[in-house]
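Only one structure is covered here, and it is reproduced in the block below.
The values are calculated or read from the model by the stated rules, or taken from the named source; none is laboratory data. From a predicted model like this one, the values you see are computed outputs, not experimental measurements. Don't worry about glycine lacking a Cβ; one is built from the backbone with ideal geometry, like all the others, and counts go over all protein chains shown. What goes into the accessible areas is simple: the full protein's heavy atoms, side chains included, and nothing from ligands, DNA or RNA. Shrake-Rupley method; radii C 1.70, N 1.55, O 1.52, S 1.80 Å.
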Amino acid sequence: MSERRNNKRPRHDNRRDEKPEKSAADSAAQDVGLLASKNPYMPMFLNFRAELDEHHDRRERVIKASRDVTAASKKMIFSLQRCRQLSAPLPPSVLSEVTNLHTIIQTQLLTISHDLSSGNTFRYRQITGGLQELIEALCFRHYLETGSLLTYTAAQKMIPEGIELTISDYVPGVFDFVGEVMRFAITMVALGGGEVEKVLKDLRGIRQGLEEFEEPGYKWYVGARDADKKIAVMRECVEKVEKAVAGKIIRGAEMPEGWVPDLTEVVEGGEGSIRGGTGGV
Amino acid sequence: MAEQVYSAIDQDIFATVTEQIEQDLVIRESIKEVLKNLDKQLKQISATLSRVHSVPPSEVPNLITKTQPIFEAAKSDLHELVEKTKPYPYYKYNGMWQREMQNLIFLILFETWLSRSYLPTTVPVNALATIEEVGARLSIPINLKTEDAFHLTIEEYLHAIISLVEELTRLMTNAVTQRDFKRPMLISTFVKDIHSAFQVLNLKNDGLRRRGDGLKYHVKRAEDIGYDLIVRNLVDMGVEEKAEEKAEEKAEEKAEEKAEEKAEDKMQE
């Protein structure tokens, strides 16, 4: 302890502050000092320090990658929201953007696959944020292309080897995916699109499936802290589409061709212009 | 809408997921079972060892002997847990038993500390069982990095050391009540060594950091008691343990000076 303090003092006298990190030689000299101290536990603790530093570095890398994956996945979702057609190949412009982003994500995940290897996926669960957002994007893309829900097994195969996609990554991703489908459907209604009733049916199907997770024992897999909120938001999303479709049928009947229901609020959300957070309302 | 509008959402997708959750829940339940047994043993050991606070020093070896069969039982419970969790990644479920594991390690550290500093036969300098010693005692590996198997983590061990410091600081006060003045001096040295050893770690903002920050208060308490004893000449400075002499020289010199000053003051009066 005292060695450390003594080490620092002359450095502060130097007017030009050097890097806060100690140089290797510096810290080696300090370690020798600590080892020479009469404290019998010092060698063991110096060893622990090295191990813990390594652990924290790995953790930091995973957190960073998770953030990057989240950001790229969000961009992917924005691009996908520009699609207007269901069960059809993506428009070329969207496809190339999405493909690029997916490559970026794969690279990000590969850089940390070593940190997450041999069971460490569960040690550094900080990756879950990124994976959840990625699942949201992948589900949405899959839905736009095929009109069906991406299965857990299929999703697992889309994650680079060495990184495990757990149920508690997949399920929250699917929950948030409902929000994207809602935006897509509302836009469709606003533009007078025809397939919205099929989307509504699908949303109801997804809702029915996701409601299973309300069971007390299952909730933990939806979110350790925000399961209730996620479930509530998912329901709201489905109901919004139900209302939009009903509104279109009721008022649309007396309106001239090309009339668009007043849904400015939600539509703005649907365009993604004021969208914040994941699975927002 | 001539074409039928059907939902393409296959409910089996959800069934597959919930099925996996069910399997996971079964595993968790069975882990909890073992942990319940382990916890029972730990409580028993803890109850026995904590009598050290109220019995005379000569009784301590007896207490230690009494805990041995319970430690064995705890060890076999632990190995049942090891077997149960073998098929799964270690870190998948390790959060479930961290508390029990830390407690078990703490009790081993406490027992070792007591036996090394109360038994007349051995006088080693290091009263702290090293992480290797704890691992060997439990027959489980420590700090595995490349292999994915049950092991003792550094964090668990460090948490247990902090618990030991907390327990020993309490023992310091209670030893004084037993007119045992040698123990507080041993503990004082120990607590100071552990505190300065913790200083070399770069802890992040987590539970370990919070608890580690609390160590300084224990050092303060240890110093206060040590000072009080020395000032009142309750510790015989001549017949000190080698261990103390080694690390305490400086602190004691200071205290001695103060004691002398006080004595002189008294004489002058």
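I'd like to check something: does segment A:174-183 contain any residue that is open to solvent by 50 Å² or more (accessible area, probe 1.4 Å), in contact (Cβ under 8 Å) with a residue 60 or more places away in the chain and within 12 Å of chain B (Cβ to nearest Cβ)?
no
Of the conditions (1) surrounded by fewer than 21 Cβ atoms within 10 Å (Cβ to Cβ); (2) over 15 Å from the mean Cα position of the chain (by Cα); (3) closer than 30 Å to residue A:116 by Cα, residue B:73 clears all except one; give me its number.
Of the numbered conditions (1) surrounded by fewer than 21 Cβ atoms within 10 Å (Cβ to Cβ); (2) over 15 Å from the mean Cα position of the chain (by Cα); (3) closer than 30 Å to residue A:116 by Cα, the odd one out for residue B:73 is (3).
Do we find a residue being of a type in the set (Asp, Glu) and surrounded by fewer than 18 Cβ atoms within 10 Å (Cβ to Cβ) anywhere in segment B:91-100?
So far as segment B:91-100 goes, no, none of its residues is of a type in the set (Asp, Glu) and surrounded by fewer than 18 Cβ atoms within 10 Å (Cβ to Cβ).
Would you say residue A:150 is within 12 Å of another protein chain (Cβ to nearest Cβ) and at pLDDT below 95?
In short, no.
Can you confirm whether residue A:225 is closer than 20 Å to residue A:149 by Cα, more than 10 Å from chain B (Cβ to nearest Cβ) and surrounded by fewer than 17 Cβ atoms within 10 Å (Cβ to Cβ)?
no
Name the one entry in B:150, B:106 that is closer than 24 Å to residue B:206 by Cα, away from chain A (no Cβ under 14 Å) and either open to solvent by less than 60 Å² (accessible area, probe 1.4 Å) or in contact (Cβ under 8 Å) with a residue 60 or more places away in the chain (or both).
B:106
Among the listed residues B:60, B:17, identify the single one that is more than 28 Å from residue B:141 (Cα to Cα), among the hydrophobic types (A, V, I, L, M, F, W, C), open to solvent by less than 50 Å² (accessible area, probe 1.4 Å) and facing another protein chain (nearest Cβ under 10 Å).
Going through B:60, B:17 in turn, just one is more than 28 Å from residue B:141 (Cα to Cα), among the hydrophobic types (A, V, I, L, M, F, W, C), open to solvent by less than 50 Å² (accessible area, probe 1.4 Å) and facing another protein chain (nearest Cβ under 10 Å): B:17.
Given the conditions (1) part of a helix (DSSP H, G or I); (2) farther than 30 Å from residue B:152 by Cα; (3) of a type outside the set (A, V, I, L, M), which single one is not true for residue A:43?
Failing condition for residue A:43: (2).
Taking segment A:79-124, which residues are open to solvent by less than 40 Å² (accessible area, probe 1.4 Å) and touching a Ser or Thr at 6+ places or on another chain (Cβ under 6 Å)?
A:94, A:98
So, in segment A:159-171, of the ones that are touching a helix residue (DSSP H, G or I) at 6+ places or on another chain (Cβ under 6 Å) and more than 12 Å from every other protein chain (Cβ to nearest Cβ), which residue ends up surrounded by the most Cβ atoms within 10 Å (Cβ to Cβ)?
Among residues in segment A:159-171 that are touching a helix residue (DSSP H, G or I) at 6+ places or on another chain (Cβ under 6 Å) and more than 12 Å from every other protein chain (Cβ to nearest Cβ), the one surrounded by the most Cβ atoms within 10 Å (Cβ to Cβ) is A:163.
Just a yes or no: is a residue in segment B:150-158 in a helix (DSSP H, G or I) and of a type in the set (S, T, N, Q)?
No, the conditions are met nowhere in segment B:150-158.
How about segment B:175-201: which of its residues are part of a helix (DSSP H, G or I) and more than 11 Å from chain A (Cβ to nearest Cβ)?
Correct list: B:175, B:176, B:177, B:182, B:183, B:184, B:185, B:186, B:187, B:188, B:191.
Of the conditions (1) within 14 Å of chain A (Cβ to nearest Cβ); (2) touching a residue at least 12 places away in the same chain (Cβ under 8 Å), residue B:145 satisfies every one except a single condition; which number is it?
Unmet for residue B:145, out of (1) within 14 Å of chain A (Cβ to nearest Cβ); (2) touching a residue at least 12 places away in the same chain (Cβ under 8 Å): (2).
Is at least one residue of segment B:114-124 under 16 Å from the mean Cα position of the chain (by Cα), away from every other protein chain (no Cβ under 14 Å) and either in contact (Cβ under 8 Å) with a residue 60 or more places away in the chain or open to solvent by 60 Å² or more (accessible area, probe 1.4 Å) (or both)?
yes
Quick one: count up the residues across segment B:125-139 that are open to solvent by less than 10 Å² (accessible area, probe 1.4 Å), more than 9 Å from chain A (Cβ to nearest Cβ) and touching a residue at least 60 places away in the same chain (Cβ under 8 Å).
1
Taking segment B:202-216 on its own, how many of its residues are free of Cβ contacts under 8 Å to residues at least 40 places away in the same chain and not in a helix (DSSP H, G or I)?
Going through segment B:202-216 one residue at a time, the tally reaches 5.
When the residues of segment A:188-222 are filtered to those that are more than 9 Å from chain B (Cβ to nearest Cβ) and either in contact with a strand residue (DSSP E or B) (Cβ under 8 Å, 6 or more places away or on another chain) or open to solvent by less than 10 Å² (accessible area, probe 1.4 Å) (or both), which remaining residue is nearest to residue A:149 (Cα to Cα)?
Only one residue fits best here, namely A:199.
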